[in-house]
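Some notes on the structure that comes next.
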Amino acid sequence: MNYQIKSLDQIILQKIQSQKKISFQEFMELCLYNPGLGYYSRVSPFQDYYTNVDVPYFAQILSKIFYKLWQEEFKNKTDFKIIELGSGEGKLAKKILETIKKELPDFYEKLHYIGIERSSTRLKMCEELSALFPKKIEFLSEFNYKENSVAGIIFSNEFFDALPVRRIFKKENKIFEIFIVKNLKELLMPPSKEVMEYLLWLGSEPKEGCFGEAHIESRAWIRKLCKSLKEGALLTIDYGFETEELYSDFRKEGTLLCHFNHQTNRDFYCNLGKQDITSHINFSTLMKEADNWNVKTIAFKTQSQFFIENGLEKFIEEIPMIQEPKDRLRMTSSLKTLIHPEGMGGTFKVLLQKKF
Ligand SMILES: C[S@@+](CC[C@H](N)C(=O)[O-])C[C@H]1O[C@@H](n2cnc3c(N)ncnc32)[C@H](O)[C@@H]1O
């Protein structure tokens, strides 16, 4: 038999041929997650973006925030989980568990850490962590918890921005959806019923002459998380805005961006599977949907504000006590990186939602 190995370009073109058109969400899904060929299913020789996880002390700050939540609500209860969505290569999980094990042994004893990661390549890279933290950590490829079954914290760093989105455009006072047709050409068409339903529910749409994204998958995810939560918190760290800012008329192109070799571009139809595609998330979608499920917004702040109000000063107080000048410098510059309002501190937002 003659098996032919297909490239991602061929897979996408064949899907278009058989369906006549695909939505941007379907296109993004293939580019990022097609097994073996999508951006997140390969081991990339480079990391095309720099994230919180790469900054020392991010994991320590989060560990202290988790500890506080646990002390407030869970100390005397059993079956406490920390679930990380989109745990990637397990870098953050490792740092968090190292910190908790060393500095917060009472907490370590009680918790169970679960990483959820759909990329099998990335899941494989996490295997060694199970040996490092026996019976404390496991990795799953899907979030499949039953209704009202999770007690604990479900958190993510840059998970929602990696979910595929629909792309829309407003022209002559009408909303169109962007579909992809033969030869990877874009076509404006009347919106699908999914987009119509989402915009109606959201109560907003992009301004005249502007592109935008419809975060339908984010909404489905937050609904699934809320339904699973018996009691606990959702903590989401990501870049994005509320609807009004997201759909404002100075954001003509929407927020979709590709990251390739540390540079950004809007050439969505190039480097298929080799470049990251992301969009700013719509925090209003997360808050509005969660509200329906009795999961209330407790805080929605910039990362800078949230960290300052939730224990960062303890780390700042420690700086003068550090003996080695190079370690002092490392801590000062890491904290600055995490909270500088013109950098990660301002770009990233933290949404804390709770159900108790
Ligand atoms: C932008 S990366 C962030 C990784 C890590 N959290 C970080 O901050 O470096 C998004 C991650 O979410 C994972 N992901 C996307 N959709 C997912 C899903 N439906 N279930 C589980 N993981 C998913 C991707 O495979 C990828 O590893």
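FYI, it's all coordinate maths here, none of it is from the lab. These numbers were taken from a predicted model, which means no experiment stands behind them. FYI the Cβ positions are ideal-geometry reconstructions off the backbone, even for glycines, and counts take in every protein chain you see.
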Can you tell me which aspartates and glutamates have their Cα less than 15 Å from the Cα of Lys274? Leave out same-chain residues fewer than eight positions away.
Asp9, Glu29, Asp48
Quick check on the chain: helices-only [θ] at 222 nm, where DSSP H runs of length 4 and up contribute -39,500 (n - 2.57) each and the sum goes over total residues. Nearest 500, please.
-11000 deg cm²/dmol
Please list, ordered by chain and number, the residues whose modelled amide H lies under 5 Å from the amide H of Arg167; skip anything fewer than 5 residues away on the same chain.
Phe24, Gln25, Ile178, Ala214
Shape box of the chain [Cα atoms, principal axes, largest first, Å]
61, 53, 45
Report the semi-axes of the equivalent ellipsoid for the stretch 53-176 in whole Å, largest first, where each axis is √(5λ) for an eigenvalue λ of the Cα gyration tensor.
31, 18, 15
For the stretch 197-356, taking Cα atoms only, what is the radius of gyration to one decimal and the Dmax to the nearest whole Å?
18.8, 59
Per residue Cα convex hull volume in Å³ - calculated over the stretch 99-236:
161 Å³
Separation of alpha-carbon centers, the stretch 87-107 and the stretch 291-356, rounded to whole Å:
17 Å
Longest segment of the chain with no GluC sites (Glu not before Pro) in a DSSP loop having at most 15 other Cβ atoms within 10 Å?
1-141
If the cut-off is a Cα-Cα distance under 18 Å, which aspartates and glutamates reach Lys301, setting aside same-chain residues fewer than 8 apart in sequence?
Glu158, Asp161, Asp238, Glu242, Glu244, Glu245, Asp291, Glu309, Glu313, Glu342
For the stretch 80-148, projected area of the alpha-carbon convex hull averaged over all directions, nm²:
4.6 nm²
Loop-resident sites, the stretch 1-110, for chymotrypsin sites (Phe, Trp or Tyr not before Pro), counting at most 16 other Cβ within 10 Å (DSSP):
Tyr3, Phe46, Tyr49, Tyr50
For the stretch 96-212, what's the relative contact order in percent, using C-alpha pairs closer than 8 Å and at least 6 residues apart?
17 percent
If you average the sequence gap of Cα pairs under 8 Å that are 6 or more apart and divide by the length of the chain, what percent do you get for the contact order?
19 percent
